[in-house]
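The values are calculated or read from the model by the stated rules, or taken from the named source; none is laboratory data. None of these values were measured; they are calculated from a predicted model. Virtual Cβ from ideal backbone geometry, glycine too; neighbours counted across all protein chains shown. For the accessible areas, the whole protein counts, side chains as well, though only heavy atoms, and no ligand, DNA or RNA atoms are used. Shrake-Rupley method; radii C 1.70, N 1.55, O 1.52, S 1.80 Å.
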Amino acid sequence: MPAVSKGDGMRGLAVFISDIRNCKSKEAEIKRINKELANIRSKFKGDKALDGYSKKKYVCKLLFIFLLGHDIDFGHMEAVNLLSSNKYTEKQIGYLFISVLVNSNSELIRLINNAIKNDLASRNPTFMCLALHCIANVGSREMGEAFAADIPRILVAGDSMDSVKQSAALCLLRLYKASPDLVPMGEWTARVVHLLNDQHMGVVTAAVSLITCLCKKNPDDFKTCISLAVSRLSRIVSSASTDLQDYTYYFVPAPWLSVKLLRLLQCYPPPEDAAVKGRLVECLETVLNKAQEPPKSKKVQHSNAKNAILFETISLIIHYDSEPNLLVRACNQLGQFLQHRETNLRYLALESMCTLASSEFSHEAVKTHIDTVINALKTERDVSVRQRAADLLYAMCDRSNAKQIVSEMLRYLETADYAIREEIVLKVAILAEKYAVDYSWYVDTILNLIRIAGDYVSEEVWYRVLQIVTNRDDVQGYAAKTVFEALQAPACHENMVKVGGYILGEFGNLIAGDPRSSPPVQFSLLHSKFHLCSVATRALLLSTYIKFINLFPETKATIQGVLRAGSQLRNADVELQQRAVEYLTLSSVASTDVLATVLEEMPPFPERESSILAKLKRKKGPGAASALDDSRRDTSNSDINGGVEPTPSTVSTPSPSADLLGLRAAPSPAAPPVPVGGNLLVDVFSDGPTAQPSLGPTPEEAFLSELEPPAPESPMALLADPAPAADPGPEDIGPPIPEADELLNKFVCKNSGVLFENQLLQIGVKSEFRQNLGRMYLFYGNKTSVQFQNFSPTVVHPGDLQTQLAVQTKRVAAQVDGGAQVQQVLNIECLRDFLTPPLLSVRFRYGGTAQSLTLKLPVTINKFFQPTEMAAQDFFQRWKQLSLPLQEAQKIFKANHPMDAEVTKAKLLGFGSALLDNVDPNPENFVGAGIIQTKALQVGCLLRLEPNVQAQMYRLTLRTSKEPVSRHLCELLAQQF
Amino acid sequence: MIKFFLMVNKQGQTRLSKYYEHVEISKRTLLETEVIKSCLSRSSEQCSFVEYKDFKLIYRQYAALFIVVGVNDNENEMAVYEFIHNFVEVLDEYFSRVSELDVSFSEHLPVACGKAHSRYNHISAVTQEGFLYEALAVLELTL
């Protein structure tokens, strides 16, 4: 490229710039600029044609003015003119102006594209580079459309100069990132891979960047890059420190290229070819060896560059996770860095070691550094480093060192930075639970957590301790004793009061024998905290009090006194008031037996994944949107993973306190008491986010949580991923998912259950049918923590189903919050007999990708069955009447399920027909009758099922007044046994 | 992957910014303010990597000038850290001893940006999204 001396600079421009710099005030500056703008405008408008030099000078001035922050509304044309100049400096300023100032929808874009096209075709490498840089800098879709096809050609052309190839590769990368669909894949892809062999290191570096990006989408197309990358890497790693001349950086050969090659290899599993793999392992070993050699230079740049390669090498070793020897060596190397005087290295070593800890091969090796890491947690001056140390301790924790690590983390918590306290609390809670050998240690740990960092103990954490205490008898007494002691402290955290209130309400009796913690003492201790607490806690304490009345009848009078006090009965908070009124009445109206039933000890909670773990996952999970993305969205959400999960208001949270007794649902104390069932608490402690009001214990919820075995999980891949973002018409839906029939079959004999479930979404169904009408409730539950957008479930009638079945759907909200559930009501009318079920198509956007799935709606003709009772004589008479050959359908089939008469009976009843006793002479056989109700007609059905237990076979015979119905019912029913 | 590249002085004025991912102009100011704030508040004992939202800031300070690179999670911090230095060396060589004063108040306006030399080779080839070459050119004009 032409090196132009600085003397070539435009004098007028230099004068102008120094004028501006010398301006004493903003006003003076603006005045000077306006004067200059007027001057330039008159020059551009003047009759005299400007020469290239003047044009360049004025365009430069405009650019400078623009960069000072002023608007420029002219001069674009002159800049475009400069593009066609043959002088490098003029062309360059033209391109610069275009890159900085021209927006994509400018009408000049055609002229610009034309100039670029000419330069690309010019065969002048400097001009080609300028054009390529401009395309990449603008990077707009229009540019992509115009040039995406040309650039691959330039990139792989045999006669392109190195600098052009390099620019072309980077330009293509840029366009691919901006609009991947515009970059055509083709035979050039194979040739791009071979650029890894190029003589010119700049070309290789640019090509590696491009390939790394492209291969993520089509790994197989670029698979050949593995061996090329390995051999290139091997050549660099083994080269002498001066071999690569221009690409040697402080005696380190091509450090950035090495890093990029190592990164590219991480897109693939270890090489299959033994020779390639051997060569690669050799490279990795060489890098590890070099780390031990004395440095070739004392300069920090030398060691930084060397370490960059080393860290990337370790990443690759961890990625492969298959070479125990290398993993342990990597760990030892990082161990040395843990004590290095450079903070950066300590930080990076802790970070890398964290991933090493999860490998089975290096876990033990990592554990040997525990003392250093604990020391780092205590002494590091930088919070980011301490955070890494805490992460590493968490990762290296196992049963052998849990007590030590947990106690160190607890100690650290006392002085920890506010920003990371909550995360530390979660980690301690998880480790304590996961590695608890005795549960008293666990209880101690959590209570310590609340004591030290009560504000940061989220609901999940203290719910969890209650869950565990409730489920484990051996720890209940200890827990009661410990919370009692903890509550003695003059100032204790409200979370402690909550845990204490709940535990004493359940298990206070276990310590009541000791006069120091007799019932009245327990009560007065709790009540001394009452007035300092928030509404939610007071509500919980009221529930504790009513439980006390049951546990300790001697406290009844005192507690009734408290409940009766004006401050409770007339409390401004409706929840507290209602509890006080209800509990007071309950305690005076109900007999001891009833009280004992209502206020019985909580049943054990079903074992699930710890809700805390789920929370930690959410905090760090992939759901966290990119901050850059985020900045495009709402600023109110700007704090993504720095902040706390949006915590729900306590009022809407179905916390144990809110519904401890399930009494809120009871309209009055006189009504039959609601048993203390597990339902509410199942919801509360379910591992999904508990926070959404819609997850409140509605009857549907309770119903859903009682469901029979959940539907088998379908892999994500089943969710078709239609690329077009546009909303296709409702008719334009995908085919039903492969297991749609299987899912449908589950609902032939029952009306409620989980219709579908995958990682994102759960669909529950509940329906009822009368005559030819039906109503169906669909419950769509978002299982993620991210909002679904454009959520639209629609019901489609394929074929002529429209005339047979009418389904009215209510619209649902287009957004489904993470963890929330929405309900959709379907009104169904059967117009005439039908054979195929309607389709349910669900579409939504999750994290930016469109999801859609199509299921069969569980509406089958038998849903409109009316059971008919009849005597044996009538049955046989009708049976004979339906004697046309096609009116009968018969099937003989093998039993798929154990042949249990009761189950069969239940299924037949669920199918909809009446079961008639004493009809068939053989008591083993089942006989049923019913009428299918449709708006247009009624179809009488008779059925007979003959099990043969020896052969494990059934014979099923159906006779109906309509031929297709017989066949259809027969098929439906046969699949049920 | 590099997401943005900033040169900011101690007063918080952005001297150069280059984004490799679309960010609205209005959000850039906010982002830049926050980014520089989190770097300025750090002492020399602290490490040069800051977690900011879901990406990492890697910064180096040269006298009153900060160079901050925002990268996503799996970038090699050390490589980027040293790359910043490489970049500064290029500026230094180009302007013969670069300082913030140079960068911001330099009187001369060089027009040749194709001045090739060894350090520059790394830069143009290393930046994944490329085109610090252009950044250089823009920089020259803002001098």
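Here is how the numbers come out for the structure above:
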{"read-out": "Cα centroid of the range A:78-154 to Cα centroid of the range B:1-71, whole Å", "value": "30"}
{"read-out": "Under 17 Å from A:LYS26, Cα to Cα: lysines that are on another chain or at least 8 residues apart", "value": "A:LYS35"}
{"read-out": "Cα-projected label distance for A:ASP438 with B:ARG28, points at 7 Å along beta-carbon direction, nm", "value": "6.4"}
{"read-out": "Cα-based Lys pair tally, the range A:729-847, threshold under 21 Å, eight or more apart or on separate chains", "value": "4"}
{"read-out": "The range A:933-964 residues near the modelled A:ASP874 label - backbone nitrogen below 20 Å, point 7 Å along Cα→Cβ", "value": "A:933-934, A:938-945, A:958-962"}
{"read-out": "The range A:738-858, dipole about Cα centre (Lys/Arg Cβ +1, Asp/Glu Cβ -1), debye to the nearest 20", "value": "300"}
{"read-out": "Full-extension gain in nm, A:ARG153 to A:GLU971, via 0.36 nm per residue minus C-alpha separation", "value": "288.5 nm"}
{"read-out": "Nitroxide proxy distance, nm - points 7 Å out along Cα→Cβ at A:ASN922 and A:ARG341", "value": "9.5"}
{"read-out": "³J(HN,Hα) computed for each position of the range A:122-133 - Karplus, 6.51 cos²θ - 1.76 cosθ + 1.60, integer Hz, glycine/proline x", "value": "6, 6, 8, x, 5, 5, 4, 5, 4, 5, 5, 4"}
{"read-out": "FRET E, pair A:LYS223, A:SER792, Förster distance 51 Å, beta-carbon r, rounded to 0.05", "value": "0.80"}
{"read-out": "Length added when fully stretched, A:ASN197-A:LYS810, from 0.36 nm per residue minus Cα-Cα", "value": "214.5 nm"}
{"read-out": "Vicinal HN-Hα couplings computed from phi for the range A:53-67 (Karplus, 6.51 cos²θ - 1.76 cosθ + 1.60; Hz; Gly/Pro x)", "value": "4, 5, 4, 4, 5, 5, 4, 4, 4, 4, 4, 5, 4, 4, 5"}
{"read-out": "Links that overshoot a 27 Å alpha carbon limit, given the list A:LYS863/A:LYS962; A:LYS177/A:LYS427; A:LYS277/A:LYS299; A:LYS434/B:LYS56; A:LYS367/B:LYS37", "value": "A:LYS177/A:LYS427; A:LYS277/A:LYS299; A:LYS434/B:LYS56; A:LYS367/B:LYS37"}
{"read-out": "Average Cα contact separation per residue, chain A, under 8 Å, 6 or more apart, as relative contact order %", "value": "4"}
{"read-out": "Hits among lysines - C-alpha to C-alpha of A:LYS529 under 18 Å, sequence gap 8 or more where chains match", "value": "A:LYS481, A:LYS498, A:LYS547"}
{"read-out": "Simple spin-label estimate for A:VAL535 and A:LYS298 in nanometres, 7 Å along Cα-Cβ", "value": "7.1"}
{"read-out": "From phi via Karplus (6.51, -1.76, 1.60), per-residue ³J(HN,Hα) for the range A:944-960 in Hz, x at Gly/Pro", "value": "9, 10, 10, x, 10, 5, 4, 8, 6, 10, 10, 10, 10, 10, 10, 10, 9"}
{"read-out": "Distance between the range A:365-417 and the range A:739-754 - C-alpha centres, whole angstrom", "value": "51"}
{"read-out": "The range A:862-975: relative contact order in percent, alpha carbon pairs under 8 Å with at least 6 residues between", "value": "34"}
{"read-out": "Length-normalised contact order of the range A:436-599 in % [C-alpha pairs under 8 Å, at least 6 apart]", "value": "17"}
{"read-out": "Where the range A:436-599 is the region considered: accessible area per residue in Å², 1.4 Å probe", "value": "38"}
{"read-out": "Per-residue [θ]222 nm for chain A (sum of -39500 (n - 2.57) over DSSP H runs n ≥ 4, rounded to 500)", "value": "-16000 deg cm²/dmol"}
